[in-house]
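This report refers to the structure that appears directly beneath it.
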């Protein structure tokens, strides 16, 4: 996400580099470029105007710091302002005092409310709270069915609205049911609607006054254009929004709407949805997002993902083996599994700082199928072979190739790489795993 | 008589669907232009804001404004009214080049794939298309190839019932390519009809999902030479400049033959479609202006621009 904006700012600041000092003129040309980049990123027109004005005021007349270039100085100012715009702290969910605590999701059609409801339920459940889900969408065909199927997968309680056609009544009964069932949080998924649809907005107001939500969260598609502020503004005016969840952040939309929403309606962005898997909901971190916008990479998120995926105990054992140079093909397989647990390689690479600058990398998409093939080769070996690669002779190689649906050449390549890897590992007796984590794979 | 009513219905619906657009975009432009006696910087600034806020995009807006400026310099545009007409004609001409309503022959099997990102309105649009084509006297079969999203098959099934058409479906989580294969086998044996494949929403950046789409298309081609006749990209009018990337990447991956712009009944202006038309030249097929089954209308550049620029308010 935001990748193209980062690219653009990179180019802009490269232009700024080499200028002696910040003055009205060189700031002006940079600001013009930033303005276009932000507008291309779908940041709202007025938000951009204010943003540019603020950055300009801060930049011009500011003392030139000796140690950094003017370009870096502007980056710093833009970065700081971006963080301010998107909020300076991470916002958490508030549950209020009542049980069950109602959380209501609202938004336009197709913004991702139902998927988000389930992801949010999983997030809440991970905090050791019992969650109940209800769909108040009686309009979209099979909307309730969708929530039910997904909700069941995560083991949440789900209200059965069979035979009911009034969304307000459904919510009333669902809250009662949740209370009876001892649930602590109830997430209400509402039907998508246009902000200008008066009867539909009236319906939301009724639901609100009936269940008195602890949080009303506006779900916004990261791809939304200029109109995002009008829609959210209208929802806020009529309902009072407590926060925003940005969805579809895993695409290449630059997500300017995130900036706009935060600036215009003044409500925190609480979560970011980035994927179709039920666990792909992240707490929204403004400072990370700002860094990402500026092409500084999203290292913290990557580190967190790595932490989740990597089994610490396995790591320790591996580290011991490495020191003794006992790294077997079995260990390699474990490593590969952990890499694939971190998510699609493209996502992971996109988070690394500097990666966006390397144009070649874009064409050289990491091939996940390659990982699968390599895994298949190792899986087709016998345990003995995996522990001692030296016994894998020609006929064994043929068998492995057949078993894994690959070719002998591919088996050869893997073994060659593996041997090189072992040699490489000999060199770092200490902190071997750390280097591995940095992606020093020989293939 | 019947036709007249229908026509009125269409324009009325189009106008009401675009009324907010008009109000926010062009009526304001009219106000500005008609309001000011002369062409000055303030006029250009306001025009720029209106176009950008309508999601026309900053570079394209700059281009449009620049060409207006040039014409003013060359004394081709002497008053705000003439400037307004020039802007309107420029946008209309771009759209007109790409206006291409779908004409479906009655004597062959006609296959359509509906593709797009998540939540753009593929399933709803597929249902509406089924209804339209059936009204035109076609046999229609829907193919539930979105086996990924929970209850998507169920949703399409309900649309098939509403439209009164057949559906080919398998269990959820089935291989979508297998569903498509099934549908093509069945279709080959039967009479001429329209086959509409509803695919799962996918972000254009997901390589593996785009590969899946390519595979579905390959299978259609293999089972029926020339298929699919039409690959329709369903685009949400609320989308900003990312729509260009979407259109381009779907285009590159499987070759888009037409575009459907949905959710034009909201406050979003859908201005990015002018940029798509200009930069990518994708034929503009339909617009979606509501949630009812007959809320899918052929894209008409003239009517679209007329509605945008209409002055009586």
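Bear in mind these aren't lab numbers, they're just calculated from the coordinates by the rules spelled out. It should be emphasised that the depicted structure is a prediction, and the values quoted were computed from it without experimental measurement. For neighbour counting, all protein chains shown are included, and Cβ atoms are generated from backbone atoms with ideal geometry for every residue, glycine included.
Springs between Cα atoms under 10 Å define the GNM used for chain B, and in it the highest mean-square fluctuation of B:160, B:130, B:86 occurs at B:86.
With a 10 Å cut-off between alpha carbons and a GNM built on chain B, which of B:198, B:265, B:252 moves the most? Of the options given, B:252 has the highest mean-square fluctuation. Using the Cα gyration tensor of the range A:226-266, with a ≥ b ≥ c the square roots of its eigenvalues, what is the shape: rounded (a/c below 1.5), prolate (a/b larger than b/c) or oblate (neither)? Here the range A:226-266 falls in the prolate category.
Residues A:85, B:156, arranged from fewest to most other Cβ atoms within 10 angstrom of their Cβ, appear as A:85, B:156. Multiplying the residue separation of residue B:65 and residue B:211 by 0.36 nm and removing their Cα-Cα distance gives an extension gain of 48.5 nm.
For the pair residue A:176 and residue A:388, label points projected 7 Å from Cα toward Cβ lie 7.3 nm apart.
Looking at the range A:101-297 alone, DSSP beta bridges between its own residues are antiparallel in about 10 percent of cases.
Among the residues of B:148-160, the average count of other protein chain beta-carbon atoms within 10 Å of the residue beta-carbon is 5.
With a 10 Å Cβ neighbour count serving as the proxy for reagent exposure, in which order, fewest first, do B:210, B:216 appear? Write down the numbers at each step before the final one.
Numbers: B:210 19, B:216 26.
Going from least to most buried by this count: B:210, B:216.
The antiparallel fraction among DSSP beta bridges confined to chain B stands at about 10%.
According to the square roots a ≥ b ≥ c of the eigenvalues of the Cα gyration tensor, what is the shape class of the range B:268-307, taking rounded for a/c under 1.5, prolate for a/b larger than b/c otherwise, and oblate for the remainder? It comes out prolate by the Cα gyration axes. The calculated Kirkwood hydrodynamic radius for the range A:98-163 is 12.3 Å, given to one decimal from all distinct C-alpha pairs.
Between residue A:162 and residue A:369, 0.36 nm times their residue separation minus their Cα-Cα distance comes to what? Each step should come with its number before you reach the end.
Values: separation 207, 0.36 × 207 = 74.52 nm, distance 4.33 nm.
Stretched fully, the residue A:162-residue A:369 segment lengthens by 70.2 nm.
Using equal-weight Cα scatterers in the Debye expression, the normalised intensity of chain B in log10 at q = 0.10 Å⁻¹ is -0.59.
For a quick check: sort A:111, A:171 by the number of other beta carbons within 10 angstrom, fewest at the front. Could you put the intermediate results ahead of the total?
Values: A:111 29, A:171 26.
Fewest-to-most ranking of A:111, A:171: A:171, A:111.
The mean number of partner chain beta-carbon atoms within 10 angstrom of a residue's beta-carbon across peptide B:240-252 is 5. The label point for residue B:280 and the one for residue B:103, both projected 7 Å from the Cα toward the Cβ, are 2.5 nm apart. Determine the shape class of the range A:160-263: with a ≥ b ≥ c the square roots of the Cα gyration tensor eigenvalues, call it rounded for a/c under 1.5, and otherwise prolate if a/b is greater than b/c, oblate otherwise. Judged from the Cα gyration tensor, the range A:160-263 comes out prolate (a/c at least 1.5, a/b above b/c).
Can you give the extra length, in nm with one decimal, that the chain gains between residue A:153 and residue A:32 once fully stretched, where that is 0.36 nm per residue apart less the Cα-Cα distance? Can you show the working numbers first?
Details: separation 121, 0.36 × 121 = 43.56 nm, distance 4.93 nm.
So the chain would gain 38.6 nm between residue A:153 and residue A:32.
Pick out which of B:132, B:208, B:118 has the largest mean-square fluctuation in a Gaussian network model of chain B, springs linking Cα atoms closer than 10 Å. It is B:208.
Partner chain Cβ atoms within 10 Å, averaged over the residues of B:57-64 - can you pull that number for me?
On the way: counts 6, 9, 3, 0, 1, 2, 0, 0.
Taking the mean over all residues of the peptide, I get 3.
Packing order of peptides A:42-48, A:116-122, B:236-242, B:170-176, highest average first: B:236-242, A:116-122, A:42-48, B:170-176 (average count of other Cβ atoms within 10 Å over each peptide's residues). Tell me the Kirkwood radius of the range A:101-297: reciprocal of the mean inverse pair distance over distinct alpha-carbon atoms, in Å. Value: 16.8 Å, from the Cα pair sum.
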